[in-house]
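Here is the structure we will look at.
The values are calculated or read from the model by the stated rules, or taken from the named source; none is laboratory data. All values reported here derive from a predicted model rather than from experimental measurement. Positions of Cβ are generated from backbone atoms using ideal geometry, with glycine treated the same way; all protein chains shown enter the neighbour counts.
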Amino acid sequence: MSKSMSLPVEETTDGWQLTGRHVLAMLVIFFGIIITVSIVFTTLAVKSFRGEDIKQSYRQGIEYNSTLEARAAQSQLGWTATVNVVGNMAERSLVVKITDQAEAGLQGVTFSGGLRHPVDSTLDRPVIFETFEDGTARADLTGLLGQWTLEADAIRGEDRFHFRRSLDLR
């Protein structure tokens, strides 16, 4: 004769009993919260990072040899860029001077460039330079605060000199 064994079920004082449906509901709620939080955080992460910060970075990597050639040609020019921030927040200016190997200021140089924000590329802005006869250029930075990267070009005839400087505008 076979005697079936059953486990004793204890009831609590209020008559409530943990059943399979309760366990299923707890698991569904637990994993539902986990999945919901994961979806929210993933969505926020994707929306806050816009992807490439530098346009066509893949192509730049493929064409890196031409970048090295341009840097070598620029090095042979012997030009140097001196970048200073003068004034206070109410009237702040960027002063740039390009000198040759003899440390003489270059005349006839035109400047173009922009300020890059290190975190948010939508805050990037062009810089408008006012050039002077002694080879210096000045740009207005009034009201700008924080960390910026100046990326600019000095051009004279066929010669192009690209330079980059970090600026701390506090």
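Counting just the residues of the range 81-108 that are assigned to a loop (DSSP other than H, G, I, E, B) and under 30 Å from the mean Cα position of the chain (by Cα), which one comes out surrounded by the fewest Cβ atoms within 10 Å (Cβ to Cβ)?
From the range 81-108, those assigned to a loop (DSSP other than H, G, I, E, B) are 89-90, 100-104, 106-108; that's our starting set.
With under 30 Å from the mean Cα position of the chain (by Cα) added as a condition, the list becomes 89-90.
Values: Met89: 12, Ala90: 7.
By that ranking, first place goes to Ala90.
Scan the range 109-155 for residues that are within 18 Å of the chain's Cα centre (by Cα) and among the acidic types (Asp, Glu) and the total you get is 3.
Quick one: would you say Pro126 is in a strand (DSSP E or B) and either exposed (fewer than 15 other Cβ atoms within 10 Å of the Cβ) or not assigned by TED's automatic domain parsing to the domain that holds Val96 (or both)?
yes
Could you tell me whether any residue of the range 137-146 is acidic (Asp, Glu) and loosely packed, with under 13 Cβ neighbours inside 10 Å? Looking for residues that are acidic (Asp, Glu) and loosely packed, with under 13 Cβ neighbours inside 10 Å, one finds none in the range 137-146, hence no.
Out of all the residues in the range 133-170, which are at positive phi and not in a strand (DSSP E or B)?
Here is the first cut: in the range 133-170, the residues at positive phi are 135, 143, 146, 157.
Result: Gly135, Gly143, Gly157.
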